[in-house]
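Working notes, structure below.
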Amino acid sequence: MTIPEISTLRIQNQQIEGPVFQTAKDLIAWMGALQAQDYAMAKWAIGQRVPGTTNQSVEEAYNAGEIIRTHMMRPTWHFVSADDIYWMLELTAPRVKQVLKSRDRQLELTETIFSKSRDMLERMLSNCLSMTREELTQEYANIHVATDENRLSHLIMRAELDGIVCSGPMRKKKLTYSLLEDRVPAKTILSRDEAVATLAGRYFRSHGPATLRDFVWWSGLSVTDAREGLEMIRPAFLRETIATETYWFADSLSSLPAPAPSVHLLPAYDEFLIAYTDRAAALATVHTRKAISTNGIFQPIIVVNGQVEGLWRRTTVKDLVKIELNPFHLHNPLTTLAIETEAARYGAFLYKRILLSTRQLPETSL
């Protein structure tokens, strides 16, 4: 296996090429979880991987509580299947809360305040109610809990990690919060060993070839727990060592590269890049700072035959979406046509007309 082949296998195992799932919930269960702090882009990450889905159909699954958006694993939002949320929270939330402790102290958020917050949320969101952040801000003011300096985000995040609240249905264009037990009444609980092994299996099956370091980063687990998970599933996976790195992947998922040109406009924070510590298999070092800023902002990317070859951005105005393509270099006419076709697919996902423009990025920009 070569470094370029790693990228080819990842794009297939992540369902970007040759997708087999028909629902957002099944796709996310396969992935384990899907990073989702940019809600609009995360819906397109699903649209890339589930043929025939639209922005509306993904949102319907979200509103129905089939997929949940909440904080878990690393301290950021993820989409997770409703069937998996309880055991995944139980496994990963303690480490996330430990990571957040220092900042919570700086914000003077004590366990007493978190308890007061939890009581208010359970009272206000009972009977399947949902509330926006603006509405919750007012309720915190009513109980004299400060929400400035990003305290609101930490209060709600803690409630998510404690399994109290999660994403509620959209209200027009506004995100809401609901009680988790109302959104997902049926609880699936696994033993710790079962949970670690299940999460490891989901990750290496859907994201492989990947290393133990990749799994530690993606899951937020300790190195010890991640290694134990890998040991439990190891008989079902192959491994290959390149230089000093050992990559794990499922033999049943190994296949030939897709016919060229294979083109995808992947969203910001897509699992194709963010799920690994070393992104060199898909992203040349010279372009790293174009696609990933120094403060960890992941840009939407143009991927050609498994390699990041540019960026793209969109602006939505009523029934029109303006897409600006920023390739790193000139493409041949066949690849250019494939990129334009992919842009049209994004327009169809949104049910909007598209207006394309191209501005090539300087080769040396950082």
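The values are calculated or read from the model by the stated rules, or taken from the named source; none is laboratory data. Just so we're clear, the structure is a prediction, and the values are computed from it rather than from any experiment. Positions of Cβ are generated from backbone atoms using ideal geometry, with glycine treated the same way; all protein chains shown enter the neighbour counts. Protein only, heavy atoms only, side chains kept; ligands, DNA and RNA dropped before computing areas. Shrake-Rupley method; radii C 1.70, N 1.55, O 1.52, S 1.80 Å.
Selection of segment 161-193 for residues being among the basic types (K, R) and out of contact with any strand residue (DSSP E or B) (no Cβ under 7 Å at 6 or more places or on another chain) yields K172, K173, K187, R192. Under the condition of being exposed (fewer than 14 other Cβ atoms within 10 Å of the Cβ) and either on the phi > 0 side of the Ramachandran plot or among the hydrophobic types (A, V, I, L, M, F, W, C) (or both), which residue from segment 239-264 is modelled with the highest pLDDT? Filtering first and then ranking leaves A243. From the list L361, L320, L330, L366, the lone residue that is out of contact with any helix residue (DSSP H, G or I) (no Cβ under 7 Å at 6 or more places or on another chain), at pLDDT below 95 and either of a type outside the set (K, R) or crowded, with 16+ Cβ neighbours inside 10 Å (or both) is L330. Would you call G65 open to solvent by less than 10 Å² (accessible area, probe 1.4 Å) and assigned to a loop (DSSP other than H, G, I, E, B)? So G65 passes the test. Restricting segment 217-238 to residues that are farther than 20 Å from H78 by Cα and hydrophobic (A, V, I, L, M, F, W, C), the residue that is surrounded by the fewest Cβ atoms within 10 Å (Cβ to Cβ) is V223. Would you say L91 is surrounded by 20 or more Cβ atoms within 10 Å (Cβ to Cβ) and part of a loop (DSSP other than H, G, I, E, B)? For L91, the condition - surrounded by 20 or more Cβ atoms within 10 Å (Cβ to Cβ) and part of a loop (DSSP other than H, G, I, E, B) - is not met. The strands (runs of 3 or more DSSP E) found entirely in segment 209-312 that carry 3 or more residues being under 26 Å from R345 (Cα atoms) are 263-266, 301-304. Of the residues making up segment 9-57, those that are open to solvent by less than 30 Å² (accessible area, probe 1.4 Å) and among the polar types (S, T, N, Q) are Q12, N13, Q14, Q15, Q35, Q48, T53, T54.
Under the condition of being surrounded by fewer than 18 Cβ atoms within 10 Å (Cβ to Cβ) and free of Cβ contacts under 8 Å to residues at least 60 places away in the same chain, which residue from segment 153-180 is nearest to L125 (Cα to Cα)? Write out each step before concluding.
Residues of segment 153-180 surrounded by fewer than 18 Cβ atoms within 10 Å (Cβ to Cβ): 153, 162, 169-175.
Still in the running and free of Cβ contacts under 8 Å to residues at least 60 places away in the same chain: 153, 171-174.
Values: S153: 17, R171: 15, K172: 18, K173: 19, K174: 16 Å.
Looking at residues that are surrounded by fewer than 18 Cβ atoms within 10 Å (Cβ to Cβ) and free of Cβ contacts under 8 Å to residues at least 60 places away in the same chain, I get R171.
Residues in segment 133-146 that are buried (at least 19 other Cβ atoms within 10 Å of the Cβ) and not hydrophobic (A, V, I, L, M, F, W, C): Y140 alone.
Within segment 340-357, residues that are under 12 Å from R314 (Cα atoms) have Cβ atoms under 8 Å from residues that are among the acidic types (D, E) and part of a helix (DSSP H, G or I) in these pairs: L356/E340, counting only partners at least 6 apart in sequence or on another chain.
Please specify each residue of segment 181-216 satisfying the condition of being open to solvent by 50 Å² or more (accessible area, probe 1.4 Å), more than 20 Å from the chain's Cα centre (by Cα) and more than 17 Å from I68 (Cα to Cα). Scanning segment 181-216 gives S191, R192, D193, E194.
Just the residues that are polar (S, T, N, Q), more than 18 Å from the chain's Cα centre (by Cα) and under 20 Å from E5 (Cα atoms), please, taken from segment 262-297.
Answer for segment 262-297, where residues must be polar (S, T, N, Q), more than 18 Å from the chain's Cα centre (by Cα) and under 20 Å from E5 (Cα atoms): S262, T285, T288.
One residue stands out among those in segment 294-308 that are open to solvent by 40 Å² or more (accessible area, probe 1.4 Å) and of a type outside the set (V, I, T): the one that is farthest from L283 (Cα to Cα), which is N295.
Just one residue in the set L89, L125, L129, L152 is at pLDDT below 95 and in contact with a helix residue (DSSP H, G or I) (Cβ under 9 Å, 6 or more places away or on another chain); that residue is L129.
So that you can scan it fast, the table gives a plain yes or no per residue for (1) of a type in the set (S, T, Y); (2) closer than 29 Å to I11 by Cβ:
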| residue | (1), (2) |
| --- | --- |
| S167 | yes, yes |
| L190 | no, no |
| L212 | no, yes |
| W218 | no, yes |
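What number of residues in segment 113-126 are within 13 Å of S178 (Cα to Cα), open to solvent by 20 Å² or more (accessible area, probe 1.4 Å) and in contact (Cβ under 8 Å) with a residue 24 or more places away in the chain?
3
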